[in-house]
Structure formats: C-alpha cells, structure tokens
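For reference, the structure is listed below as structure tokens.
The values are calculated or read from the model by the stated rules, or taken from the named source; none is laboratory data. Just so it is clear, the model here is predicted, and its values are computed rather than measured. Here Cβ is always computed from backbone atoms with ideal geometry, including for glycine, and neighbour counts include all displayed protein chains. When the accessible area is computed, the model is the full protein with side chains, heavy atoms only, and any ligands, DNA or RNA have been set aside. Shrake-Rupley method; radii C 1.70, N 1.55, O 1.52, S 1.80 Å.
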Amino acid sequence: MLAGIVAICAVCGLILRYGIQEGSLRRALALVWRLGGRRWGRRTEQRRVVYADYAGCPPASPRLLRACLNDLEVRMTRDGVFRNPHSERRGSVAGCSESVQGQPSGTASLDDLRERTLRYCGASREEYVCVITSGATAGCRLVGEAYFGAYRGRQQGGQDGATGPSRRGVDRDDDEFAFLVDNHTSVVGIQGIADVQARSVEVADLFRGEHASGRRGRKLFAFPGESNFSGARYSLEAVDHWQARGYRVLLDAAKSCASRPPDLGRYKPDFVVLSYYKLFGYPSGLGALLMRHDAAKELEAQAYGYYGGGTVAYVVPERGRHFRRKRLPYGFEHGTPSYLGVPQALVGFSWLEREFGYGESIDVRAVRVATDLARRLLQLVHGNGRPVCAVYGSWSEVLRYGRWEEKVRTYQGPVVAFNVMDHNGRVVGCRDVQRAAEMRGIVLRSGSLCNSGGLRMALGLSVDEIVEVWRQVVVMADGEGVDPSASCDDGIVLPDGTPTGVLRASFGYASTMEDAGYIADFVSETFQVDTNQSDGLDRPSQTHGDNPVLEIARIYIYPIKSCQPQRVTSWEVDGTRSLVYDRRWKLVDEAGNALTVKQYPLLSRIAPKIDLERQVLRIEVTDRNRPSGDLAFVEVPLDGSHEEAIPASTWLSGKLGGTCRLVRSTNTRNYSNRSHTLVMHAATIELIRTASGSQATFDEFALRMRPNVILRDVQTSETSLEQHVLAEDAWSELSCMSDAAVHATVVRPCTRCDRVCIDPKTGLLDQHDSGAVLNAIVTAKRGTASSFLTLGVLVDFSSPYGDACLLSDRLKFRLKLH
C-alpha cells in the first residue's frame, strides 16, 4: 500500500514537472506498476536474491524469456522453418515478431537489428554502419586485426580487385595503439597483435595526448565510456580531442550502453563496440560493432587477413585469391550470424523500453541506488575508528555534490567497487566476502574484474609493483612453481596484505534502494567489529603456551567422494602424504562429471567401507525400505579394473535413480578437492555446534565438517572449549611424541562453503536454518586474525624415514605455531 502511494505521488510529480506529453501517460502508468504492484511480482518472479552484478550481466527476466519463446513460436507457426540468412537472397533473416503481446508486427531481420542499435546509440545510417558480431570482444578483435594486423603482407591486385599475396612488405614501426589504462582486457588485448607499438595513457593524461606524427603508420586510441571496474565515467569529448591529433578512436560502450548509451549524434568515435546481453541479459553471444563510414571504408580497403563465409564474393584457393563483398557491412561479418538470437535481441529492445524506459530513466534509478550504497559503506567504521570498507572510483569526490544527482551521474556510473577491511586495517579476501554474500542471497562480482589497469589505479600501485603482484599470484607457497590454474582474477590477499582483487556491486534497471540497504547491512553485520562489545560467543582465550600437546581423537576416511565416512582407529598414510584410499573413488554421470551431495542427496546414504583383509571396497546403502530380495551390498576389488566395477555401477545407478559410474583414481592423487588431509580441533567443532544451535551430537555434527583427523587437548575432554578453539590457522607443524615418527606439515587453512549446512544423515539443507552453521562460522571468526571463512587446516603427513607412516587413536603430537 505504502509503495503504491509513493509511486502515485512520484507520477504526479513527473506530470507536474513535464506535463502530459506523447507517451508520458504510458510511462507514468508503467512506473506505478513497477514501484507499486510489481514490487512483489518482480522480486518473486524475476529474482529471489539481491542481484548486484549488472556490469557482468543483467538478470534475464522470465518475462523477457517468455516473450522471446512466444515470438519464436509465432515465427515457426507462420513460416514453418528457420533459415540460414546466407540461404536467403538479401542476407535478411526471417525471424519472429517484435511484439511481446503475441501480435505479429513485422519480420525481424539483421537489418532491423542494425537499425534499432543505431537508433539506440543516437546514430544514423548516413554516418554509421552496424556490423553484427558475437560480442564486444569480437568487435575489438575485428578492429585490431583489420587496423593493425593481418592486412600487412597482403595487398589488392588484379583488374577485378581481388586480394592475393603481397609483392612487397610494409613498414609497421609507425603503427601505434594508445589506450586508457582503465580499460577492459578485451580492449587492451589489441596490443597483442604483433609489432604494434602500444602505450597506456593515464587517466590524468586523457586530454593531454600529443599530435600524431605525419608518418604513414596507423594510430588508434581506445577508451571506455564507463569503467567496468569502478564505474568511473569518461567524457566523450576525448573523442574529438584524440581525433584532432590524428588518431582513430575506439569507444568501448559495453558497460555504459546498459544505462547511458553514447550520443553518436553529438560525438563521432570511429568505432563503437557493445554486447546485447549487457543491455537486457539475453541473448548472449551477440554484439555489434558500429563504424563510421569513412573508417569502415579504410578497413575494407586493406583486405585484412582472415575471411569467413559470407564476407567474400568468390574465392580461388588454388591461387590464394579472393574478392571481398563491397557492400557494408557484409564484408565484416564472418560466418553465419546468430539468426535465432537476432529476433530475440529485437524483443529485448522492445521489452526494455516498455518495462523500464531507455537510457536516462534507467540511469537515474541505478546511480541513485549505487550512491546510497557507496555512502553507507563509507560511513561504516569499526569500534576503534578504522573504516570497514575502502571504496574505489570517484565516489569520495562525487558524494561532495550531495543531492546534485546530475553531477554524480556525470562522473560516476552505477558501480561501487570496494574492499572490506578488518578492525586492524587488513583487507579481507574478496572471494571470502563474495562467498559470505552468496550465503545471504547477494550476488556480487570479485577479482580484478578483467581490468588490471583499474585495479592498479585503485590500489595505488606502480607498474613494477603490479607486475610483482601478479608474479606472486601464480607462484604457489608450496614451492612447486607456477600454478597453471592461477589467475589474475583469483582475488587472493598476498602475505604482505596486498589485495589482488576487489568486490563490485553494480546496479541496473530493476535495482531498488532496498538492495543497497541489504548489502550495506550484510557488510555491517558480518564484518563491523565493535571492540567495546562482545558478540555473544563464549570465545576463550587463544593463549597457547609453549609447544602444547594434542592427541588424535577421531580418524575418518571417505573412500567414495561425497559419500559417508568410515571411522577407523588406525590408518596408513601413503606416498601421497594422505590417508590410503581416502576419496580414491567417485561417482560420475554419463558426461563424466562428479556427482555431489548437493545435486544428489541420496549420496549421503551410501556407506562405503574398506576391508583391508579381503582387499575389497564394500558398498552399502542405508535404506530402511529396501525391498526383500534386493542386494544388501556390493563389493569391488581395491585394485580392480574398470570392468570389475561395472556391477557396482549398475547397482548404484538403481539406488540413485539415474545412470552413474564408479570411477577409481589411477594416478597418485585422490579425488579430494584439496588433495590433503583435513585436520580440526574438537573445541572448534563444539564451538560452532553450540553457536549454530544444532541439536545434533558432537559426532553427528563433526561429520558436517568432513574432517579426516580430529585432535583434542591432552589435559581436557574433547568437547570443552579449549585454548585451541579457532586457532588452527596459527598451526605450523605437528611432531609425533612417540616412536611412530609421524610428522605433519600444515599446508593451508581449509576454506568452507555451504556444504557444512547439509545434514549428513539426509543430504539435505537443515530445515531449521539452512545457513545457521555458516553464519556461526562467520560470526565466530569475526575479529580474529585469520580468514573468516576458513575452519580447520589441510596438512601433509609424512615420516622422516619415508612418506609412509601410520596414524592411530591417542597418538600424541607437539604443536608448533607460526
């Protein structure tokens, strides 16, 4: 009711300000529906989470998807078949109706999409041509290769204008690619074209570019209308500035197009790239490259490198000759376009305009939400006065404008890039924050955001320093050298406290002020520490004393990944420095993907057991309703072949209700996610059990954590809150105090996910509170020196006489701390 009243008042205000003009009544009624009655419909139908990753991709609305499917159905009913556009005479593609009301209003085509895209960006056919691509990245690559790349070494020849092998080389030393440092990787990647002289331009030098020399070399300058990293907006007056200095200008509009498309009627960049999914979330794999006619003609004249189907009139492969199509834009569209996606993009334009309006109306709303979030985050402080968040971009400056929203929107888009800091001023890993946010139903983006230059600017690092940062990212702490899976987007925090990523909250057409408040409340409740108040947890002192002594209380192995554990009193550690047969098997589907308990809760009922005496893996299913006559168990030889596991696979498929295969690891590694042994202290498990309000026993709750070894203090009982609670992150080594000569080296803390929220008995999320356990972990770790989403440590067990050794109950270790 209140939302409806507010919406009606807002509409009345708009009418009083602008009057009743053409289309104003329709927009006014749409606004009432959005802010009022649609409040419940949108939040329950379109999204069940707080979505704040519009810069990555807006959420695809079910209403839009239904409209697209409806149009496809209309097209099939009317025409009976979808045709490849190359099979039609004029290159058009028969598609579906643009109307989402189900009433055909004409034929969708490539030309229709080109016209709609030009109109959306304020351009005309007389000045620009629209090339349909697979996305903004493909547009950047096309410009780079055509402008600098493969045309070198080729030339036009013959009376028919065909292209053939070059008869002379071309000097490329004068080619130059200049780019703003705050650019997406897809734009910066143009410098990867061989022999191009590339230079970055700092933001402060955006309007200080020198005049290009009068040499023959080509000059290209690229910059974004809006930073995908921080949302900082750059004046399009830079287009005129760099063009006056002899450069062609490439404008990356992939981010800005969603809320503030470029005004190509006023500013005339030579090239503009965008992706349609960035506008309305669907379809993906479809984009556009807008080129001024003179720039397109210049590229066309160079007969650049690769040519695909649709771009040439004829080919004589035996002579290496081809003739490109001269009619724009067909000579630039390689291969068959996404002819099923084209009509859906047209539906997207119609849907976006009808539901939310174009351009400014979306921008005003989205920036308003981002402004509220930035203001809230900047106001958060810990009890000791330290800030909770570091907010990047232009927010600190633009917020001084107060309520002058137009001023804010001039310099800042609807993006808030930030990092969370603890009460000691250390940065909390952005991936950890992202995982915690997902537990609360908040969708954020983390990492370097495909913009290393923006990250360097935000962190205030020099070029040499950022090079060293990336070197440390890919060099692993275990001394094994470069990790092939390491990425600049991992967002880890280096040992010296330097972050390698940030968090990004970005907003768009369906964002609300409630979203900003929910995100700010999450940050405050999860990370803000009042050093003068207790969080209510009975967290004991973490004073360890000198070399405390611990003993093994429990040993578990998990023969089949994601299934029940087997408790043992003693077990061998093999040459992999992990427990023998631990996670040595897994169940996979027909595509070879591992089955997880999140997807198949019945895995929690599969109870594998290793029988070392008989050398078999015995598999049972804890099913009280097992039909009479049904096999109670199945056995597999420990070192059996794939064929010997087929009966077990068939039996398990029947139990799970789907086809699966039992697969055994044939290499020296098991199927553990971390390939190490997970060790925890009993006091830590008991603290989390108590804080989460779980009614399970200690042993039942411990299985949520999936530990291999549970330790306890020698002097006290296993479930008492000890001095070692939450202190595993400080462990360095465990040395055996007996003749067993077992040594344990701590590799790293174990990062937790929502797997701990699953009841090990049922394989389902807790009914009383699906996030209680994870929330208890986050709350318990708040204010500690370690990462708030780690619990327990991953260790390598070994022996001074070789890697093989034996673990057993009551084995005592002397603990060494960092």
Cubic angstrom per residue, convex hull over Cα atoms of the stretch 352-394: 76
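Keeping all protein chains in place and using 1.4 angstrom, which order do TRP651, TRP585 fall into by accessible surface area, from largest down?
On the way: TRP651 30, TRP585 5 Å².
Correct descending sequence by accessible area is TRP651, TRP585.
With all protein chains present and a 1.4 Å probe, how do ARG66, ARG814 order by accessible area, largest first? Could you put the intermediate results ahead of the total?
Values: ARG66 130, ARG814 95 Å².
Of ARG66, ARG814, the descending order of accessible area is ARG66, ARG814.
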Would you list which lysines come within 17 Å of LYS561, measuring only between C-alpha atoms, while excluding same-chain residues fewer than 8 positions from it? LYS586, LYS598, LYS609, LYS655, LYS761
³J(HN,Hα) computed for each position of the stretch 596-611 - Karplus, 6.51 cos²θ - 1.76 cosθ + 1.60, integer Hz, glycine/proline x: 10, 5, 5, 8, 10, x, 5, 4, 5, 9, 7, 10, x, 9, 7, 10
How much length is gained on full extension from ASP240 to LEU380, taking 0.36 nm per residue of separation minus their Cα-Cα distance? 46.3 nm
Over the stretch 413-464, what lengths in whole Å, largest first, do the semi-axes of the equivalent ellipsoid take, defined as the square roots of 5 times the eigenvalues of the alpha-carbon gyration tensor? 21, 15, 10
Using a 1.4 Å probe and counting only protein heavy atoms, arrange HIS743, HIS642 so the residue with the most accessible area comes first. HIS642, HIS743
Where a Cα-Cα gap under 26 Å defines reach, which lysines qualify for LYS268, not counting those fewer than 8 residues away within the same chain? LYS219, LYS255, LYS278, LYS297, LYS326, LYS407
Under a 5 Å amide H to amide H cut-off, with H placed in plane at 1.01 Å, what residues pair with ASP530 once short-range neighbours are removed? GLY383
With TYR392 itself left out, Lys, Arg at +1 and Asp, Glu at -1 over residues whose Cβ is under 15 Å from its Cβ give +2
Rounded to whole Hz and in sequence order, give me ³J(HN,Hα) for the stretch 180-193 from the Karplus expression 6.51 cos²θ - 1.76 cosθ + 1.60, θ = phi - 60°, writing x for Gly and Pro. 5, 4, 8, 9, 5, 4, 5, 7, 4, x, 4, 5, x, 5
When the Karplus curve 6.51 cos²θ - 1.76 cosθ + 1.60 is applied with θ = phi - 60°, which whole-Hz ³J(HN,Hα) does each residue of the stretch 690-700 get, with x for Gly and Pro? 5, 5, 7, x, 5, 8, 6, 6, 4, 5, 5
